[in-house]
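Notes follow once the structure below has been shown.
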C-alpha cells in the first residue's frame, strides 16, 4: 500500500510570486484535503476535493486554488504570495466523504518560505 | 463558532509517569473525533477515530476516550519516544470540514 506523498519538500519563494504544490493520495482513497499549518499551530483546513470537484472550503481567499486529477492526485496553487503564507502545507487523503470508519492520512508536508 | 481546545499546551513528564491530555469541543453535531501524533517538521500520524460518547480505543501505551463534550488521550508509563505534539480534530455533521486544536506538546524525560 502506497502512502501519501508530497512534492517538493521545501520551497522558497518571493512575495508576489505564484507556487504549485503537489500531492499523491494513498492507494484506494479518492478524497484529498489540503491544510496550512503555521508554526506552533494546528493544521487549518483550506479545501477538500472529491471526484475532481471542490467539496468544501475553509476561510482562505480565492488566491488559494486547487485541482484534483482522474488518478486522485491533487495540486494546491497559491497566487500573489504574502509573507504570512509561510507555513507547512499538508495534504491528506481519505476514503469517500460518507465512508465509515472515516480515517484521514497525511503526507509529510511541503515547507513553504516566502521572503 | 465551532471550536476545539486542547490542554495543557505543553506537558513534561518523567519516563513511566502516566498522564492524560484533554480535548474539549463545541460543534453542532459530532461526526467523528480524531487523534494524531506529530513529530517536528513532519505530517500528522493518524492514531484513533472515535464516534460516540463512551467509546474507547487503545494502541500500545495510548488510550483515547470520548464523552459528549470532550475526549481524553491517556498515556500509560510513557517512554521518551512518545515525545511529540498530539493533535485532536473534530468532524461535524454539517460538512466535511475537519477542525484541529492547537495540540499538546508532550516531552518525556528519561
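Each reported figure results from applying straightforward, stated rules to the coordinates on display, with no laboratory input. Remember, it's a predicted structure, so these values are computed and weren't measured experimentally. Neighbour counts are summed over all protein chains in view; Cβ atoms, including those assigned to glycine, are modelled from backbone coordinates with ideal geometry.
Here are a few things to note about the model shown:
- Centroid-to-centroid separation of the stretch B:84-110 and the stretch A:46-79 [C-alpha atoms, Å]: 22 Å
- The mean number of Cβ atoms from other chains found within 10 Å of a Cβ in peptide A:34-44 is 4, as a whole number.
- Residues residue A:63 and residue B:58, FRET efficiency given R0 of 35 Å [Cβ-Cβ distance, rounded to 0.05]: 0.20
- Normalised contact order of chain B, rounded percent, pairs of Cα under 8 Å and 6 or more residues apart: 37 percent
- Ratio Rg/Rh, restricted to chain A and using Cα atoms, in which Rh is the Kirkwood radius: 0.95
- The stretch A:24-44-the stretch B:7-28 distance, computed between alpha-carbon centres (Å): 23 Å
- Shape category assigned to the protein assembly as shown from the gyration tensor of Cα positions, a/c cut at 1.5: prolate
- Here the residues B:74, A:10, A:29, ranked from fewest to most Cβ neighbours within 10 Å of their Cβ, fall in the order A:10, B:74, A:29.
- Label zone of residue B:51 (point 7 Å out along Cα→Cβ, amide N under 20 Å): in the stretch A:31-51 this covers A:31.
- Residue-averaged beta-carbon neighbours from other chains (10 angstrom radius) around A:97-104: 4
- Residues B:95, A:85, sorted so that the one with the fewest Cβ neighbours within 10 Å comes first: B:95, A:85
- Compactness of chain B as Cα Rg over 2.2 N^0.38 Å, two decimals: 1.02
- Legend: P(r) of the stretch A:1-59 from all alpha carbon pair distances, 5 Å bins from 0, whole percents, reading 4, 14, 19, 26, 23, 11, 3, 1.
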